[in-house]
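The structure under discussion appears below in the form of structure tokens.
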Amino acid sequence: MYARIFGFAAVAACIAMPASAAVALSDAAGSYTISPASSSIRFSIGKVGGGGLDGAFSRFKGSIRIDNSDVGRSQVNFTIFPESVGTGQSRIDAFLRSDAVFDAANSPEIQFRSTSVKRTGDTSALITGRLTARGKTFPEKFTAELGGLKAGTINFHVTGKVLRSRYGMDVGTPIYSNIVDFDMTLTGKRG
Amino acid sequence: MSASITNTSTRYGWAAIVLHWLIALIFIGQFALGFVMVRLTSQRTAFELIQLHKSFGFLLLGLIILRIAWRIGNAGPALPRSVGSLERRTAPLAHFALYAFQLALPLSGWALVSVSMLEIPSMPFNLFVMPNLPLAESDAAESFWAAAHWYLAYAGIALVALHALAALRHHFWLKDTVLTRMITPSSDRDME
């Protein structure tokens, strides 16, 4: 992804450019493996009366492939293991893992497979793909913002909203919002 | 002849009767719901039933406040003359205890959800957000109020059973009007 951005950035890099944009496609293109140690997948669900339920997944895997010639042919895939959900409250974690929400015992993986990547700005892109959870698949969109690229490590800030009701996880609505706000930092290591 | 809303010196008005039976029904239903909801294996059903229990709890609290206000503003009928002196002295205490439990049960439940570390908002019947009581959240406070709510529930239902047995005794053994006057409202005819 980001062929044009990176091409532009390569020229502009001669002047003073922010580090994040000063990336040439030839440098960025390639395959990356998401490193869980330096990545995070956080989520937040608003609740009535203010505040929300915040949590994160500690176990996930994925890959990012940036196409050398066509950003649109780039790909992002990731798999989340819902068993690893953590909210800081063990009772809530147990509830989320149970068949009330993730049913982690029977559906141990939540998968995202990108179907298209579109540039939306100098360092941003819209990633469309198919999200599968609890046996149900729906198209979802995520916004990716390039954080940086150096020494074979690429970094993205990915955000998106997912309606949990579609995946059979509508428990607690309307007390808890149907919208899950995802906030991910994905760091890929080349190779 | 038409049913009267207010109590007379010998009979209850329909307001007191409706409040009595409505609260009785919800109170017993709440006990059954509370008993079941903490014994389910389905966490989803448990969550939903707990929210329903909270909804009915807040409804109960509103009805009880209304009932106590009604009772204060509208004295109940006197006991029939046939009632003995011991019962004449203990009945008001039993009724005071019943009112105290009706008030303490929903309040202790409200305290429990207010101090819970789970911070699950209360939204009675999904209609509006009920604020929490101004109590500090902690695991210790949650355990305390959970225990308090549990003991109050069992003591309360025991008191309700005693109350029901006393009413049946009046009806079938003493054959007085104590039970029937809580079923048939006072009418214009009663008010001389």
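Mind telling me which of the residues B:Leu174, B:Leu107 ends up being more than 14 Å from chain A (Cβ to nearest Cβ) and modelled with pLDDT of 90 or more?
So the residue among B:Leu174, B:Leu107 that is more than 14 Å from chain A (Cβ to nearest Cβ) and modelled with pLDDT of 90 or more is B:Leu107.
Condition check ((1) crowded, with 16+ Cβ neighbours inside 10 Å; (2) in contact with a His (Cβ under 6 Å, 6 or more places away or on another chain); (3) within 14 Å of chain B (Cβ to nearest Cβ); (4) in contact (Cβ under 8 Å) with a residue 40 or more places away in the chain) across all residues:
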| residue | (1), (2), (3), (4) |
| --- | --- |
| A:Phe43 | yes, no, no, yes |
| A:Lys61 | no, no, no, no |
| A:Ser69 | no, no, no, yes |
| A:Thr79 | yes, no, no, no |
| A:Ser90 | no, no, yes, no |
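Restricting the range B:35-74 to residues that are of a type in the set (D, E, K, R) and more than 13 Å from chain A (Cβ to nearest Cβ), which is farthest from B:Ala147 (Cα to Cα)?
B:Arg71
Out of curiosity, is B:Ala140 more than 14 Å from every other protein chain (Cβ to nearest Cβ) and in contact (Cβ under 8 Å) with a residue 12 or more places away in the chain?
no
Taking the condition of a type in the set (Lys, Arg) and modelled with pLDDT of 95 or more, does B:Arg11 pass? Give the steps one after another, and end with the answer.
Values: of a type in the set (Lys, Arg): yes; modelled with pLDDT of 95 or more: no.
So B:Arg11 fails the test.
In the range B:121-137, which residues are within 13 Å of chain A (Cβ to nearest Cβ) and part of a loop (DSSP other than H, G, I, E, B)?
B:Pro121, B:Met123, B:Leu127, B:Phe128, B:Val129, B:Pro131, B:Asn132, B:Glu137
In the range A:57-101, which residues are of a type in the set (A, V, I, L, M), modelled with pLDDT of 95 or more and in contact with a helix residue (DSSP H, G or I) (Cβ under 9 Å, 6 or more places away or on another chain)?
A:Val85, A:Ala94, A:Leu96, A:Ala100, A:Val101
When you scan the range B:36-45, do you find a residue that is in a loop (DSSP other than H, G, I, E, B) and closer than 19 Å to B:Pro106 by Cβ, even just one?
Checked the range B:36-45: at least one residue is in a loop (DSSP other than H, G, I, E, B) and closer than 19 Å to B:Pro106 by Cβ.
In this structure, does A:Ala105 turn out to be within 14 Å of chain B (Cβ to nearest Cβ), among the hydrophobic types (A, V, I, L, M, F, W, C) and either surrounded by fewer than 20 Cβ atoms within 10 Å (Cβ to Cβ) or more than 30 Å from B:Met123 (Cβ to Cβ) (or both)?
It is true that A:Ala105 is within 14 Å of chain B (Cβ to nearest Cβ), among the hydrophobic types (A, V, I, L, M, F, W, C) and either surrounded by fewer than 20 Cβ atoms within 10 Å (Cβ to Cβ) or more than 30 Å from B:Met123 (Cβ to Cβ) (or both).
Tally time: how many residues in the range A:105-162 are assigned to a loop (DSSP other than H, G, I, E, B), modelled with pLDDT under 95 and of a type in the set (S, T, N, Q)?
Final tally of qualifying residues: 2.
Yes/no matrix, rows are residues, columns are (1) more than 16 Å from B:Arg181 (Cβ to Cβ); (2) crowded, with 17+ Cβ neighbours inside 10 Å:
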{"residue": "B:Ala3", "(1), (2)": "no, no"}
{"residue": "B:Arg11", "(1), (2)": "no, yes"}
{"residue": "B:Glu48", "(1), (2)": "yes, no"}
{"residue": "B:Gly62", "(1), (2)": "yes, no"}
{"residue": "B:Ile65", "(1), (2)": "yes, no"}
{"residue": "B:Pro80", "(1), (2)": "no, no"}
{"residue": "B:Ala94", "(1), (2)": "yes, no"}
{"residue": "B:Ala100", "(1), (2)": "yes, no"}
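Return yes or no: is A:Leu96 within 14 Å of chain B (Cβ to nearest Cβ), without any contact (Cβ under 8 Å) to a residue 60 or more places away in the chain, crowded, with 17+ Cβ neighbours inside 10 Å and of a type in the set (A, V, I, L, M)? Give the derivation first.
Working: within 14 Å of chain B (Cβ to nearest Cβ): yes; without any contact (Cβ under 8 Å) to a residue 60 or more places away in the chain: yes; crowded, with 17+ Cβ neighbours inside 10 Å: yes; of a type in the set (A, V, I, L, M): yes.
Against the criterion (within 14 Å of chain B (Cβ to nearest Cβ), without any contact (Cβ under 8 Å) to a residue 60 or more places away in the chain, crowded, with 17+ Cβ neighbours inside 10 Å and of a type in the set (A, V, I, L, M)), A:Leu96 qualifies.
The values are calculated or read from the model by the stated rules, or taken from the named source; none is laboratory data. As the structure is a prediction and not an experimental result, all values here were calculated from the model. Cβ: placed from backbone, ideal geometry, glycine included. Neighbour counts: every protein chain shown.
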